[in-house]
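Below is one structure; the comments refer to it alone.
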């Protein structure tokens, strides 16, 4: 179950972003991911501890990174079995000094399209669009 501050954080993070289905990945000492689905005014979260840990990082001033993959209604391509694969918008933020600092499209592209071992470029994943992350207004989160 999500705490009130986790619900406030998800509301702020997903405000005005397209799509109802998202994958949120939090990078602290190790990466953790969860599926998040909007349901009216609320959220269904597969692994609530991921969102709670992000809340803790923001409250404690810990350094972290957030990657949000938003599934859109657009179809990127169709699999051989006829299933349409949605376009995924990928955005990211650095968590620094109790704030979420938006990363731009170029930074997200570089992070995801560079081989970590060799530093060589790798092609982007099919159906993925890297996008500028919007600013996140944490006022309501901080007031909870």
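Worth pointing out:
- Residues in the range 91-105 that are touching a helix residue (DSSP H, G or I) at 6+ places or on another chain (Cβ under 6 Å) and closer than 10 Å to residue 131 by Cβ: 1 in all.
- Residue list for the range 6-58, restricted to those being touching a helix residue (DSSP H, G or I) at 6+ places or on another chain (Cβ under 7 Å) and without any contact (Cβ under 8 Å) to a residue 24 or more places away in the chain: 32, 33, 34
- Among the residues making up the range 54-89, those that are assigned to a loop (DSSP other than H, G, I, E, B) and at negative phi are 62, 63, 79, 80, 81, 83.
- Search result, residues across the range 101-134 that are assigned to a helix (DSSP H, G or I) and surrounded by 14 or more Cβ atoms within 10 Å (Cβ to Cβ): 105, 107, 108, 109, 111, 112
- Checked against (1) surrounded by 12 or more Cβ atoms within 10 Å (Cβ to Cβ); (2) modelled with pLDDT of 95 or more, residue 42 meets all criteria but (2).
- Of the residues examined, residue 140 is not one that is in a strand (DSSP E or B) and either within 13 Å of the chain's Cα centre (by Cα) or surrounded by 12 or more Cβ atoms within 10 Å (Cβ to Cβ) (or both).
The values are calculated or read from the model by the stated rules, or taken from the named source; none is laboratory data. These numbers were taken from a predicted model, which means no experiment stands behind them. Every residue, glycine among them, receives a Cβ derived from its backbone with ideal geometry; neighbour counts consider all protein chains shown.
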